[in-house]
Structures are given as C-alpha cells and as structure tokens.
C-alpha cells in the first residue's frame, strides 16, 4: 500500500475491503511521505520492519528485486490525487498490477498516459469507483443491458453531501484541506470528488457514454478555491438526455447518491443509502421491489452478494467486491486460467480516463459562453 497511514480515512477503508474475503494479505507499505509516520504506521499494522518503506520509490524498487514468491503481487495507491500518477506508472513499469483510488490521476493527460502504459504492459488496473460494486447496481446494469426497459431515454443522478457547508479546510480538517486545494485535488473540487462517482454510475448502469454536456459550477463558501456545487445537463450517445447534480454544501445531507433511469417500457431507481433495494417501475404494471440476496437476481448480483436476503450489505462490502474481483483476476493470471465475466466486472483504466475527461469537460463547459460542450478525450 502507498499512502493510507496513521489517521488516513480511505487507507483503512481499503484495508478492510481487501481483507474481507481472505484473498489478500498486506505484506509491505510506504504508508506516508513522512518516513517516521510511515514506520509507525507499518508497525501498527504488524508489517515486518524490512518491508516498511520510507517512500513508494524505495518500496517498488526493492519489492521488484525479490523472488516472485516473496514480492508483492499488486500495489494499492490511496494517496491524494496529485500522488496517483507517478507511483502507478512506476509500479506498472516494474511489473506490478495496480489498484488506485479515484479519480485515477491529477489530469486527463496523465490518465491517458497511464491507460497507455496498462495496455503496453498487459497488467491489470482497478479503479475504486465503489458504487459500481453494490449488488443491486450490478442487477440494474444487467437489466438495462438485457433490454428490459427498451431504449434508454432519461437519466437522473444526484450526489448531495453537506460536510463542506462551512470553510472546514481552515478548521483543521485534513480531508477538507486537500480536497479543496487545486495543487493537490486538481481543476475541480466537488465535481472531481463526487461528481465523477455520479457520472461513472450513470454510464455504468445505462451502458451508455456521455456525448455532450452543459455545466454550471459554483463556489458557495467564501474563501474556498474550488467548486463546492455543480449542475450538469447531459446528452448520451444513444440520444438519451440526463441531469447530474453534485453538491458538498447541501447542509444536512450525508451521502445521498441516487440514480433514476427511464426507458421506453419502464425504469429503475437506486439509492446508496438504501443499497439493498432496487425499485423497478413499469409503464403498465405495478412497481416491483428487487432485494439483494434473493434467488431471482442476475449472476452478477449474486456473485457480489455475501449474505442471505435481509442482511444489509453496504459501503465496505461494495468496496470489498472490487478488491475480491481484482484479486480473483490477478490469481487467474498467476494460475494461467481464464476468469469469469463476473470477476472481470470492475472499473478499469478506461473508466479512469473517462472520469478525468468528465472533470475537464465540466470545467471547460462552465467557463465557456457556449451552452453545450462536446465531451472530448483527445
């Protein structure tokens, strides 16, 4: 693991997720840019002292020199956005698979370089868009993919939070501090942090891609350097239209990610704060309630479910599904076997490129006098 040391929120989440199914063992780490903190963090996690490293460069170099049966199999990068690209590139160059927190890189150019390196090496990269790991999100995608709703016409996705309603970055909040800092977070605050989740979820479930967008970003909290609220009109490649809004100043909201998708024959609704339920709505039938853990679900939903119906599976389990699928895919590589399609269903470098393109196109649209901006990656 790179990053995720003492007092780091997302590092602990990654470790819990990776450990949930007993497939992954943390064997080494460069857990902080501060060597003393890195060592303290490694000892607290019971890592051997000779595999607690003072920098990611030292770790990747020394691990690459170990025998195949001793060295790490992949690296998890859980640092702020500006420290994603270089360790990921170095890991791939040295022959290691990569798990990386979203957004994949600091800029679109870096994302494209990283995708190119993944293709060159043939190695695996998993991008932790957590919400694509939920069983009922998998179910929703499969129903759309199988044509249950006919041609998709409308997509609404929203992600309101309230935790940045005040100038928390000036009050000692480390999470707020780096997320609102352009030098560490990138061109966008709210849209880069949670808008990318909403955009990925919309594309993932609908099996469509954003073709055009019209964005309006706002900084509501005085003294903040990056957007804390945004609204985006969307046009998709099949002609469907949509609305995406993300806000971190929706005071009183927690993590109210919600998506609704409508086709010719019906639609669906899923909420991250009620993750075991998928509402399926029909033009000429009563609304159906699909629940996680039930026998009528798709193979993709079942593959990503651990408990019987009625037992809540939430954020940590969804995160763990990404790690489990990635671990099974890496194990298949090592064993020379072919993983199932369900195993390979995790976000990739291609998703990372689209995520960074979303951020840069949203910022461009917000700054443009034109109503619509074509979604460009080149």
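Here, each number is a calculation from the coordinates, and none is a lab measurement. Note that the structure is predicted; figures quoted are calculated from it, not measured. Cβ sites come from the backbone with ideal geometry, for glycine too, and all protein chains shown count toward neighbours.
Would you kindly state how much longer the chain becomes between residue 109 and residue 350 on full extension, computed as 0.36 nm times their sequence separation minus their alpha carbon distance, in nm to one decimal?
On the way: separation 241, 0.36 × 241 = 86.76 nm, distance 1.29 nm.
85.5 nm is the gain from fully extending residue 109 to residue 350.
If packing is taken as the average number of other Cβ atoms within 10 Å across a peptide's residues, how do 234-242, 370-378 rank, most packed first? Before the final figure, lay out each step's value.
Numbers: 234-242: 17.7, 370-378: 12.6.
Descending packing order for the listed peptides: 234-242, 370-378.
Reducing the stretch 138-161 and the stretch 23-73 to their Cα centroids gives an inter-centroid distance of 41 Å. Note on the chain: GNM, Cα springs under 10 Å; of 197, 82, 311, the largest mean-square fluctuation is that of 311.
Shape summary of the stretch 155-261, radius of gyration then Dmax from alpha carbon positions: 14.1, 46 Å.
Where does each of 336-343, 354-361, 25-32 land if you order them by average Cβ count within 10 Å, highest first?
354-361, 25-32, 336-343
Can you compute the FRET efficiency between residue 237 and residue 175 using 1/(1 + (r/R0)^6), with r the Cβ-Cβ distance and R0 = 51 Å? Round to the nearest 0.05. Each step should come with its number before you reach the end.
Details: r = 35 Å, r/R0 = 0.69.
It comes out at approximately 0.90.
The alpha-carbon positions of the chain define a convex hull whose volume is 142 Å³ per residue.
For the chain, the 222 nm mean residue ellipticity estimated from helices alone, with every DSSP H stretch of n ≥ 4 adding -39500 (n - 2.57) and the total spread over all residues, rounds to -10500 deg cm²/dmol. Placing dummy labels 7 Å off each Cα toward the beta-carbon, the span from residue 342 to residue 367 is 4.6 nm. Modelled spin-label separation between residue 94 and residue 218, with each label point placed 7 Å from Cα along the Cα-to-Cβ direction: 4.7 nm. Calculated on the Cα set of the stretch 9-123, radius of gyration then Dmax: 13.8, 38 Å.
Relative intensity of the stretch 47-194 on a log10 scale, I(q)/I(0) at q = 0.10 Å⁻¹, equals -0.51, per a Debye sum over C-alpha point scatterers of equal strength in the absence of solvent.
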